[in-house]
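Everything below concerns the one structure shown next.
The values are calculated or read from the model by the stated rules, or taken from the named source; none is laboratory data. Given the structure is predicted, the values throughout are model-derived calculations rather than measurements. Note: ideal-geometry Cβ built from the backbone for every residue, glycine included; neighbour counts use all protein chains shown. Areas reflect the complete protein model, heavy atoms only, side chains present, ligands, DNA and RNA absent. Shrake-Rupley method; radii C 1.70, N 1.55, O 1.52, S 1.80 Å.
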Amino acid sequence: MPMKIGEQPFFDRVDEALENDFMRTAMASAQDRLRGRKLDATVNDEQIGDWEEWRSAGEEIRRHTLENLDFYLNQLSENFSKRGGHVYFAETAEDATRYIQEVAKRKNAKKITKAKSMVTEEIGLNEALEEIGCQVYETDLAEYILQIDDHDRPSHIVVPSLHKNKEQIRDTFRDKAGYTGTEEPRELTAFARSQLREVFLEADIGVTGCNFAVAESGTISLVTNEGNANMVTTYPETQISVMGMERLVPTWKELDVMVNLLSRSAVGQKITTYITNLTPQLEENSVDAPKEFHLVILDAGRSNALGTEFQSALHCIRCAACVNVCPVYRQIGGHAYGSIYQGPIGAVLSPILGGYEDYGELPFASSLCAACSEACPVRIPLHEQLIRHREIYVAQKGKVSEKLAMKAFGIGASTPSLFQGAVKGMPAIMKPFVKNDSISSGPGPMKLWTSIRDFPSPEQNNFRSWFKHHKDGGDS
């Protein structure tokens, strides 16, 4: 499946990531920086008012839109088509890539420029276009770096090349593209710009994703910082935008709220450099609009969440605020998730879109601290959905021994006499493993825990005994 990164088992990827000291340092530094900027642009910014009210407004807009998804999709499709655009509803990733391949063949396209888009990563669009002989050029700087570095995959939803430093980028440019300059960011950026300038002018088709689509006008909205999306959508005569079917807002009024939430939550900006709104135009004398505009609206598993306890996962606006506060992502980075969607939202979305067979272990990559839910600008209860995913996964894929153990624990914990007996007997049972009042090498399920930390030894004087003694007038 295109959204999948690598074939290694999940825990092998985690072990590999934990041994990468550079990656862990880079992730921690980036998280601190992005989280600090977000706080300055949200709860610490007096100009925006009460940030919690903005979050509530965002949650309500997303909930209303998802609960009326059919209506707004039809409205978007009708308004986009009225202005001369072509709308295609793709049930699967294969449907989407097949349609785009047909457009490229019909236009006899050779060069295609792309703006940053997670949904096109999800459907493997680059590979599909290269199969039919097209040259695809990523024009976002971070995506350009990944592309020339042997098609490396993104490690962060908003900052795809977060796992690389400037020295590594310099070496990649030197080895893959003939760069002769230094690791100075300005020089590196100028080099990438010089490589892409002619490509913009020669492209036959421009491809973008879609941050939001405005149903009332049939407009595609792109929230960007580099300006490359404007070049991608202006020069080629044919434009193709790909959007997940949930990326809708009813009107321009709701777009205003969502852009504020996205800009401030993603990188801590009060407003981004460019907000580009694209509506099909058929005027013959138009000089800065594509002559042919296609909109591909993708399901690819999203309808699995509609009407279920996971529907609010589709509220996500891809800001990565949850990723930037996740203590697990901080330690293992993005590639360990094995999905182009990383962090808490990736661990929730990936099993919905791709199933438990490939992504069922991801919900266990969480401490359940709920920092992700607290950070989400549209109030998705991420930690609750992670728990629910775990329950489903264990019911479907869990080991028989684990199920029996948990069932026995449930019986013991809910039966007072059994629970009290276990508490009283535990000090004696664990005595062979206790050294210096702690357990550093425990048996059975404790083995993994004690392999990296000590477990406190069971107290002889448990709470019930102490409380009875205290109640009877003994010393505390």
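Determine which member of the set Glu7, Glu94, Glu16, Glu46 is farther than 23 Å from Ser350 by Cβ and out of contact with any Ser or Thr (no Cβ under 8 Å at 6 or more places or on another chain).
Glu46
For the condition open to solvent by 30 Å² or more (accessible area, probe 1.4 Å) and on the phi < 0 side of the Ramachandran plot, what is the one hit in Ala371, Ala375?
Ala371
The rows are residues; the columns are (1) open to solvent by less than 40 Å² (accessible area, probe 1.4 Å); (2) assigned to a loop (DSSP other than H, G, I, E, B); (3) at pLDDT below 95.
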{"position": "Glu94", "(1), (2), (3)": "no, no, no"}
{"position": "Thr97", "(1), (2), (3)": "yes, no, no"}
{"position": "Ala104", "(1), (2), (3)": "yes, no, no"}
{"position": "Thr113", "(1), (2), (3)": "yes, no, no"}
{"position": "Val119", "(1), (2), (3)": "yes, no, no"}
{"position": "Val159", "(1), (2), (3)": "no, yes, yes"}
{"position": "His163", "(1), (2), (3)": "yes, yes, yes"}
{"position": "Gln168", "(1), (2), (3)": "no, no, yes"}
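Determine which member of the set Leu295, Leu362 is within 18 Å of Glu91 (Cβ to Cβ), surrounded by 21 or more Cβ atoms within 10 Å (Cβ to Cβ) and not charged (D, E, K, R).
Leu295
Among the residues that make up the range 193-205, is at least one of them on the phi > 0 side of the Ramachandran plot, assigned to a loop (DSSP other than H, G, I, E, B) and at pLDDT 95 or above?
So the first thing to find is which residues in the range 193-205 are on the phi > 0 side of the Ramachandran plot, and the list is none.
No, the range 193-205 contains no residue that is on the phi > 0 side of the Ramachandran plot, assigned to a loop (DSSP other than H, G, I, E, B) and at pLDDT 95 or above.
Any idea which residue in the range 121-141 is nearest to Gly346 (Cα to Cα), counting only those that are among the small types (Gly, Ala, Ser) and surrounded by fewer than 21 Cβ atoms within 10 Å (Cβ to Cβ)? Give the steps one after another, and end with the answer.
Looking only at the range 121-141, we keep the residues that are among the small types (Gly, Ala, Ser), and these are 124, 128, 133.
Subsequent filtering for residues that are surrounded by fewer than 21 Cβ atoms within 10 Å (Cβ to Cβ) retains 124, 133.
On the way: Gly124: 17, Gly133: 32 Å.
Across the range 121-141, the extreme among qualifying residues is Gly124.
Go through the range 38-92 and give me each residue that's open to solvent by 80 Å² or more (accessible area, probe 1.4 Å), assigned to a loop (DSSP other than H, G, I, E, B) and within 30 Å of Ser286 (Cβ to Cβ).
Arg83
Look through Val232, Val199 and report the one residue that is over 28 Å from the mean Cα position of the chain (by Cα) and β-branched (Val, Ile, Thr).
None of the others qualify; the one that does is Val199.
Please state which of the following conditions Ser350 fails to meet, knowing it meets all the rest: (1) of a type in the set (S, T, N, Q); (2) more than 15 Å from the chain's Cα centre (by Cα); (3) in a helix (DSSP H, G or I); (4) at pLDDT 95 or above.
Single failed check for Ser350: (2).
Can you say whether Ile332 is out of contact with any His (no Cβ under 8 Å at 6 or more places or on another chain), open to solvent by less than 20 Å² (accessible area, probe 1.4 Å) and more than 22 Å from Glu60 (Cβ to Cβ), as far as the supplied structure shows?
It is true that Ile332 is out of contact with any His (no Cβ under 8 Å at 6 or more places or on another chain), open to solvent by less than 20 Å² (accessible area, probe 1.4 Å) and more than 22 Å from Glu60 (Cβ to Cβ).
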